[in-house]
Each structure stands twice: as C-alpha cells, then as structure tokens.
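Have a look at the structure below, then the notes.
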Amino acid sequence: MTTPGPIAAERGKDGRLHLRVLSGLTPDLKPNKDGSPWYARTFRITSIRIATQAFFFALFVFLLWVTWLSRLGGYPASLFLEMDPLVGFATALSTHTVYRWLWRGMFILIPTLLLGRVFCNWVCPYGTLHQFIGWVFNIRSNKNLIDKNRYKPLFQLKYVILTIMLVMAFFGSLQIGLLDPICLLVRTFTVAVAPAFDISLAQTFPSLAFKPGLQEPRIFAEAWFVGALIIGLVGANLVIPRFFCRVLCPLGAFLGWFSRFALFRIDRDVTKCTDCDLCLKGCEGAADPQAALRKSECFVCFNCIDDCPEGALSFKLTPAPIKDRIVGSIKAGTATLFGQKVISKLHDTEIRSPDLPRRRWLFSAIAGVLAFPFLRLSRAVNKRGFNEKAIRPPGSVAEAEFLERCIKCDQCVNVCPTNVLQPATLAESGLEGLWTPVMDFSVGFCQLNCTLCSEVCPTGAIQKISLAEKLGLEKFKERGPIRVGTAFFDQGRCLPWAMQTPCVVCEEVCPVTPKAIGTYDETITRWDGVQVTLNKPYMRPELCIGCGICERECPVVDSAAVYVTAIGETRSDDRTLLLKGPKRA
Amino acid sequence: MNDDRRRFLKQAGLAAGVAVGAGWASLAPSNWPLSLRDPDGERGKPGRRSLVLPKNGYAVEASSLLPHLGVSRGVDVDLLVKAAVGAIGGIGRFVQPRDVVLIKPNVAFERAAALGATTNPDVLAALIRLVRSAGASEVRVADNPIESPESCFARSGIRTAAIEAGARVFTPHPSDFSVLETPGATHIARWPFFWRPFVGVTKVIGVAPVKDHNLCRASMTTKNWYGLLGGRRNQFHQDIHGIIADLALMLRPTFVVLDGTRVLFRSGPTGGSLADVKLGGTLVASTDSLAADAYGWSELLERRDEALPAYFAKSAERGLGITDWKTLRVKEEQVA
C-alpha cells in the first residue's frame, strides 16, 4: 500500500486516503496510559515555565528598548534592576536606605521564601539566555547530560563571591554589579548588544532599532570586553550547563541562601524512586533531585518531575523529613516507610543550606574585609587622588557615596541621548569604579535640558533631579546650576589663539546664558598680509557648567583645544575651583 | 580499481578547480569577469560617488510682476503664512498638485520654541497646511541639528507640530548622507549632504527664525541650509561668511519664509533666556533668501544702522539675490 517518496497518499485504517506528510499533524487525543487527559502531555508545568521565561525575557528587552527619549511613555524602565533583591539588600548595607523603587525587591524575595529559587528559572532573563543557548547547542547524550548535571563543589564559588561583595558593600564599596545577572545583562545590552543590533539588523528595519534617530552609531569604551564577556559566559554553557548560574551568580547565591526558608520544595518518594538518575537529565540547577535535594541550588524548573518515569518526584508544601521514619535496613532491602517498601537506596531527601563549610564563609568574609581597602586606596577613586576625567553625570552624589550606590548597570548610559555617558574603564576609575558612568566629551555632551539619567538610575547614585534643579532655576536659583566640571582652553591648539585662524565654534554652541565663553576680538595682519579678525575665546568659570558641548564641537577633534575636567563640580567640596564658586547644597 | 581511479580523478579535479579559481581571481586581467586583480591599487580605492541637485535648484519661474518680498504682521499663524505667501503669488504659484515638498526648518538646538532658537512650530504647521492645501502629495520636514536630533525635534515641538499637520519627519541617520557636488562653491564643492529626504522631492521651502549669531552676526534663511549638511561642520567657522555664500549657491529654494514671530536678538544662535527674545509678529516670504534676510536684519533685528554681515555681499556677488531690499517691491499686510 505504501508508495516511496516524501509525499504520498496512504489509505489509513479508517479507510480514507491520507497524505502521509500530514499524518504527523493529526492530533492524537487519546488519554495517557495513566488515565490523565491528552492535554496533560502538552500543557505541562514546564511548558508554562517556558512561556513565562519567554515573557520575562521579552519584557526585559522591551523595557531596555523603550529606555530612549523618543519612546518615553512612563514605562518602569529599570523594573528588573529595581526588583533585583540583591540590589536592594546590598545598597541597604552600604547606604542604610532603600532608594525609591528598590522595595520592589520584595517581588522576588517573597516568591523565593514561598517556592525557592523560582526567579532563576522562571524570571531571570540572563538565566533564560543561558538555558536557551545550552538547549540549542546541546550535543550531549542523555547519559552525558546526567553526568554534567550532578552537583560539584565548584558551585560553592558563588557563595564566596556573594560574601566578598556583601562585606565590601558593608564598608561602602558596592561591587555586586560586576556579576549580578540583571546589572550584567543591562550593561551588556547597552554597551554591546544594542549597538551591534543597531548597525546590523536594524539597518533593514530602522524602526526596530534600540536607539533610533542617531546621526552616528553609538560607541562605548572597551565595548569589546563587555561583548567578549557575554560570549565567554554564555559559551561556558557548552562546557558546564548553566555555568554562570551555578558557579558565579551572586544573586543566585543570595536567593539560594534564602531558599532554605522556602515552604515548597521538590520531594522524592523513596518508595517509588528506583535511583535511575533520569531526573538529572534536565536538572538546571544541579540540585541533586536523585538524592538529597539541595534546596539552595534548585531552580524549581520542574524538569525532574517531568522526566521521572516512576512519578516519584513532586512539588510539595513543607514535606516531612522521612529519614528517621524508615524502618528496617536499606542495605538488606527490608526497609519500609509507613508500611510501604523503600525502593531507593538513598534515604536523604533534603539539604537545606548552601554547601559552603563555615571556614570558607569566614575566609570569604576576611577576603571582603581586605578587598575594601585594597580597592579604595587605589589612586583612581580616592578622595586625594582622583582622575580628572572621572566626570560624573549631573545629579550624581559625591564620589564616596557614589561608590556606595552605583551598581554599574549602565542604565544611565543606555538612556543617554548623546552617547556622552560611557562605562568607565580602569583608566578613569580603577577596578572599584569599573563600568560606572563617566562623561566623555569627545563622544557626546551633556544635553542642557535633559535629566534622563537621573530618572532611570535605580539606586540614586544619580539622584532624581528636576530640570529646575539641574539648571538652577526657581527655588534652586540661589544654589545655582549643577556643574559637572569646568572647561579649559588649550591655547596652543586653539585656532584663533595659535594659528591666526577664526573659529569660536565653542562660543556658538555654549548653551548657558549669558555664555560661559567670551571672546577677545582682535584684528591682526596675518603672515601673508591679509587682515583677519580673530575672536580669541576665554572661559568665564563662574558660568561654566561643564556640559562639554564646546569640547564635543571643537574642530580640533583628535584632542580638543577646549576640554572639560571634573574640577569645579558641585557634587562635592573636594573639587571646588573658585573661592567664590558655588558650594555644595 | 575502478573505485580508486574515480576517487583520484575527483580529488585531483577538486584540487585543480581550487587552483584555477584562486589563480583566476588573483591573476586574470582586472577587466575580466570575476577578476579581483588590482595591479596598481586604483581599484581598491573608495569610489567617488556623488550627487548633484537639479540645475536651477528648486526655483519656480521668476516673475517681474509680483512683489519681491511678502511681509505679513499679526498673530494668527495661518493668516500670517497665507498673507506672506499670497503677497508673492500665492501657494499655487509654487506648489502644484502631486508635488513632493521638503520644508527645512531650523531645529539646530534643543530649546523650547519660546526661546527663539528654533523655527516656531506653529508657523511650520501653518506652512505645512498651506502646502498640503495646494495639493502636494507629500510634505517632508528634515533637519540635521547641532545637538542630538531626537532631543531637538522633541524639545522644540517641531516633531509633534509637523506630524500633526500631516508631514513626514526625517531625522539624520548615518546612511542618509551622500557627497553633494556644488560647482563653484569655495569650501563645499564636495560635501556630505543630508540626501535621504531629498529623494523624489520637487519643491524645497526654507523656514527659519531670526537670530543673532556670535560669529556671522545673524542667522536667518540663508544660513538655515547649514542643517542640510553633514561631515565636519565645525570647520565652517574658519570662514563662516564664505560658507554661507556657498550655502546660498548650493540650494536654490522654491521660496523661503523668514519666521519673525520671535526674534532672538542677542546670545545667539543658542539663546536660552526669554530676556533674549522679543516678539516680532512678522513673517517674510520671498524667493530670494538674501532679500528676506536683509529685510530681517534691518526691520526685525533692527540693525539698520549697522553694515550687513559679509556673507550678504559675497552671495550677492555670485548673483544669488539682492541685498538692498529697499529697492525691491515689498507688499506688506496686517492680518488678525
């Protein structure tokens, strides 16, 4: 009856003619063997989980995508950062306050206390990315997967990282953002992924661009490193599945520590479990569901329940420990539990707290205590030795407080319409301030009527300021405008000063009124005898706010003849310039 | 045996194919198809593709009967625009049905409209409505601002006004620029030009505010074309008057509207304080941007006692307009 070839007509058992290619699509609505209805095959809890993950990943990208001037619309642009409980907790340690929206950390903390680390495998966009990449590029056999998903002592490392970072936060140096998955992913999108998308795919679909309406593609200091980091971390999934989540993630460690209190957990019925280890095949967290479940490692992905052929695993409210209730000898095979024969050889069902020995907690804490002075006494961020190019965006708190607050998420860099905000490199602010925002006026300038960075900052490193506060209007008149630095002329490079050539672009673009750049007008006889009127520019430091548009627009583009440094900034009293100059409010 | 021979022939054939392919690409004379050969490095140089605007630009036929300048005074922007354009022949003289019209406002800075550093969005909207009423199939609004385009178009109110009045807004993207040839120009004979909005355009109208300028002393409809250029514009200040004369040569508009509803009489071109702005309540329309600007210089900036900035004479020398507006026919009208 069958004919060769990919598409062929076939007479089925019902006597009708079927196209063979379509027969696979015929829905099979028979109930399962165990009597459950057909849809239990499709609408499993893991399918709901995948849909949830897709939703949160899409929401994450969408919120970054709308973080842009032309898409202003009252979106909670920094929602994921605000509901990251590690951000809330660590900034509470360093500042003793919970800034603006950081109470949203409760959105994650409460589910964790109920259900365990559900965040990691249901919400976290970075976790979703790792899982997805691991799935797409998986080449392992099931046997190999089972082996790769066993718990390893290496997974303790994340608790060491978390402890070091929290101890440092306590002393006033906030470093969680280096590895916190939300900060890391926001930064990676801002600095590497979005610009790469915008110069490639978005060329075909301009309205999809992350940053539409730009004359030039956005550039970022050391973007290659941020890009290489995500390729490396995501690529590590091919060696150890969920490498970042299991080994490095401080947020995972934080939630893992809290998940000891979780009311629900995966429970193994030792009277059904045959120790086949199939539950390890898809175990995302390497939480040992085949033995004693490590609550701190379990991502609550439910793959184990899905994969268990015996129906021995379930998600239960406060399951009782059964170890002491087993009667008889497991070795001899005579053990029973409540009268039922115990099949599994492993009678432990739960390990509550993280597997980090007490001495290693202690070591990590000491490392954190030492790391603080090591970083703070580096010259770049010290009060006595600051980098003149560490120019912070308007609204920033003074440097010491800034380092207590900034999580290096680069959401401010993301929203900045002129690209002036850049992730700091080691050169500007050392390791302690790596990826914190600084302004580079060779790239952009601080738009006068813009306070977007202060709007999106989740932690108040850049305090939310109004336009009146930035410009020193209305009730801020007496205090004057916020200054981020002061501009200087390099007369040796300035065209009118050094080259008998008219210019003064700087004066033209100076946005304050009256202008902070004035000119000495002078008519000279040039070297070739031609009469030339030169407007030699000078600064009026009382008026300069350090916006840097003069540096950005200076025609001496490689090293501008007018340039801004951080001196004169109003956020601290350490870098004032003029005796009569404005003092910090 | 047969199998071995076949395998040998296949492998040898592949090797020979690769050798011939590589040899062809690298050694075949450069005019042969698929050859990559570049014996003297000339082929590897970037192409010098460039554009030219239509001869005579976008001007309509001159008329000796109609007034040279149309001046309207009043408050209602629709009436103002209609009266000023009406004085020089009405919109029907300039825009025919199915024309694609580009309107170039000045959106250079991120300033609220009231600060006078940008074109009044109400005037722009009224002009768009007038052009649409003449049957234009499409009206476009484009500018390449000094500050970030999105911010400038948003803060000045130009984007909203233009879209609400039914125009398409073009902000600059990297791929929107192409080198434009302007024969006879001193500095910008070849310069990157904001080309994308010009594709298919049949008429070009400039609408610029009246502003003081720190370097060229006054920025009006002629300097307004600055916003059509890209590239290293910050070099222009080394001979700003020469550049403005080049701009006048580069773009011959259908007509221009000098927006004197507000006058930024000092601290230009950026302004930033309401104290720098006075209300002018005046529009000037003309096919001659120099004449319109000269009128603005003496009547709106009220600098009639000072000599005109040098770019007027430089442009007039090239026959691009008439600077002595008093010798011209001016039709003035007061509207509501």
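Could you please give the count of residues in segment A:370-401 that are touching a residue at least 60 places away in the same chain (Cβ under 8 Å) and not in a loop (DSSP other than H, G, I, E, B)?
9
Among the residues of segment A:292-306, is any touching a Pro at 6+ places or on another chain (Cβ under 8 Å), β-branched (Val, Ile, Thr) and crowded, with 18+ Cβ neighbours inside 10 Å?
no
Of everything in segment B:144-198, what is assigned to a helix (DSSP H, G or I), open to solvent by less than 10 Å² (accessible area, probe 1.4 Å) and of a type in the set (Val, Ile, Thr)? Give them in sequence order.
Kept after step one, since they are assigned to a helix (DSSP H, G or I), are these residues of segment B:144-198: B:149-155, B:158-164, B:174-176, B:196-198.
Keeping just the survivors that are open to solvent by less than 10 Å² (accessible area, probe 1.4 Å) gives B:149, B:151-153, B:158, B:162, B:176, B:197-198.
Within segment B:144-198, just B:Ile158 meets the criteria.
Modelled with pLDDT of 95 or more and surrounded by 10 or more Cβ atoms within 10 Å (Cβ to Cβ): is that true of A:Phe43 in this structure?
On the way: modelled with pLDDT of 95 or more: no; surrounded by 10 or more Cβ atoms within 10 Å (Cβ to Cβ): yes.
Here the answer is no, as A:Phe43 does not meet what is asked.
Going residue by residue through segment A:445-464, is there one that turns out to be surrounded by fewer than 24 Cβ atoms within 10 Å (Cβ to Cβ), hydrophobic (A, V, I, L, M, F, W, C), not in a loop (DSSP other than H, G, I, E, B) and not assigned by TED's automatic domain parsing to the domain that holds A:Arg71?
Yes, that holds for at least one residue.
Take the conditions assigned to a loop (DSSP other than H, G, I, E, B), open to solvent by 30 Å² or more (accessible area, probe 1.4 Å), basic (Lys, Arg) and farther than 19 Å from B:Gly268 by Cα and apply them to A:Arg493. Does it pass? Break it down stepwise before answering.
Working: assigned to a loop (DSSP other than H, G, I, E, B): yes; open to solvent by 30 Å² or more (accessible area, probe 1.4 Å): yes; basic (Lys, Arg): yes; farther than 19 Å from B:Gly268 by Cα: yes.
Here the answer is yes, as A:Arg493 does meet what is asked.
Identify all residues within segment B:307-322 that are under 19 Å from B:Leu264 (Cα atoms) and touching a residue at least 40 places away in the same chain (Cβ under 8 Å); write none if there are none.
Within segment B:307-322, just B:Pro309 meets the criteria.
Are any residues in segment B:107-127 assigned to a loop (DSSP other than H, G, I, E, B), more than 14 Å from chain A (Cβ to nearest Cβ) and under 19 Å from B:Arg168 (Cβ atoms), and if so, which ones? Walk me through it before giving the result.
Taking segment B:107-127 first, the residues assigned to a loop (DSSP other than H, G, I, E, B) are B:107-112, B:116-120.
From what's left, more than 14 Å from chain A (Cβ to nearest Cβ): B:119-120.
Across segment B:107-127, the qualifying residue is only B:Thr119.
Out of A:Phe205, A:Phe220, which single residue is in contact with a helix residue (DSSP H, G or I) (Cβ under 8 Å, 6 or more places away or on another chain) and under 30 Å from B:Phe170 (Cβ atoms)?
On the way: A:Phe205 fails: in contact with a helix residue (DSSP H, G or I) (Cβ under 8 Å, 6 or more places away or on another chain).
After ruling out the rest, the residue left standing is A:Phe220.
So is B:Arg132 open to solvent by 20 Å² or more (accessible area, probe 1.4 Å) and in contact with a Leu (Cβ under 8 Å, 6 or more places away or on another chain) or not?
Details: open to solvent by 20 Å² or more (accessible area, probe 1.4 Å): yes; in contact with a Leu (Cβ under 8 Å, 6 or more places away or on another chain): no.
No: the conditions fail for B:Arg132.
Counting just the residues of segment B:265-286 that are away from every other protein chain (no Cβ under 14 Å) and of a type in the set (Val, Ile, Thr), which one comes out surrounded by the most Cβ atoms within 10 Å (Cβ to Cβ)? Even if it seems obvious, please write down each step before you answer.
Residues of segment B:265-286 away from every other protein chain (no Cβ under 14 Å): B:278-286.
Checking the rest, the ones that are also of a type in the set (Val, Ile, Thr) come to B:282, B:284.
Values: B:Thr282: 23, B:Val284: 31.
Filtering first and then ranking leaves B:Val284.
Here is a yes/no grid of residues against (1) over 29 Å from B:Asp99 (Cα atoms); (2) in a helix (DSSP H, G or I):
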position: B:Val204; (1), (2): no, no
position: B:Val207; (1), (2): no, no
position: B:Lys211; (1), (2): yes, no
position: B:Leu215; (1), (2): yes, no
position: B:Asn224; (1), (2): no, yes
position: B:Gln235; (1), (2): yes, yes
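Could you tell me which residue of segment A:521-555 is nearest to the chain's Cα centre (by Cα), considering only residues that are over 23 Å from B:Glu147 (Cβ atoms) and among the aliphatic types (A, V, I, L, M)?
A:Leu534
Kindly establish whether A:Arg392 is crowded, with 16+ Cβ neighbours inside 10 Å and either at negative phi or touching a Pro at 6+ places or on another chain (Cβ under 7 Å) (or both). Walk me through how you get there before you give the answer.
Numbers: crowded, with 16+ Cβ neighbours inside 10 Å: yes; either at negative phi or touching a Pro at 6+ places or on another chain (Cβ under 7 Å) (or both): yes.
Yes.
Tell me which residues, restricted to segment A:213-245, are more than 14 Å from chain B (Cβ to nearest Cβ) and either touching a Gly at 6+ places or on another chain (Cβ under 7 Å) or polar (S, T, N, Q) (or both). First the steps, then the outcome.
Initial filter on segment A:213-245 (more than 14 Å from chain B (Cβ to nearest Cβ)): A:220-245.
Result: A:Asn237, A:Pro241, A:Arg242, A:Cys245.
If only one of A:Asn419, A:Asn414 is at pLDDT 90 or above, more than 18 Å from A:Leu174 (Cα to Cα), assigned to a loop (DSSP other than H, G, I, E, B) and out of contact with any His (no Cβ under 6 Å at 6 or more places or on another chain), which one is it?
On the way: A:Asn414 fails: assigned to a loop (DSSP other than H, G, I, E, B).
After applying the criteria, what remains is A:Asn419.
Cβ-Cβ below 7 Å, separation at least six or inter-chain, first residue in segment A:44-61 and more than 19 Å from A:Phe107 (Cβ to Cβ), second of a type outside the set (Phe, Trp, Tyr) and open to solvent by 40 Å² or more (accessible area, probe 1.4 Å): which pairs?
A:Arg44/A:Asp306; A:Thr46/A:Asp306
Does segment B:64-75 include one or more residues that are out of contact with any helix residue (DSSP H, G or I) (no Cβ under 9 Å at 6 or more places or on another chain), open to solvent by 70 Å² or more (accessible area, probe 1.4 Å) and farther than 29 Å from B:Ser273 by Cβ? Steps first, please.
Taking segment B:64-75 as the starting set, the residues that turn out to be out of contact with any helix residue (DSSP H, G or I) (no Cβ under 9 Å at 6 or more places or on another chain) are B:64-65, B:75.
From what is left, the residues that are open to solvent by 70 Å² or more (accessible area, probe 1.4 Å) are B:64-65, B:75.
From what is left, the residues that are farther than 29 Å from B:Ser273 by Cβ are B:64-65.
Yes, there is a match, as at least one residue in segment B:64-75 is out of contact with any helix residue (DSSP H, G or I) (no Cβ under 9 Å at 6 or more places or on another chain), open to solvent by 70 Å² or more (accessible area, probe 1.4 Å) and farther than 29 Å from B:Ser273 by Cβ.
The values are calculated or read from the model by the stated rules, or taken from the named source; none is laboratory data. Keep in mind the model is a prediction, meaning the values are calculated, not measured. Here Cβ is always computed from backbone atoms with ideal geometry, including for glycine, and neighbour counts include all displayed protein chains. The area values use the complete protein model at the heavy-atom level, side chains included, leaving out ligands, DNA and RNA. Shrake-Rupley method; radii C 1.70, N 1.55, O 1.52, S 1.80 Å.
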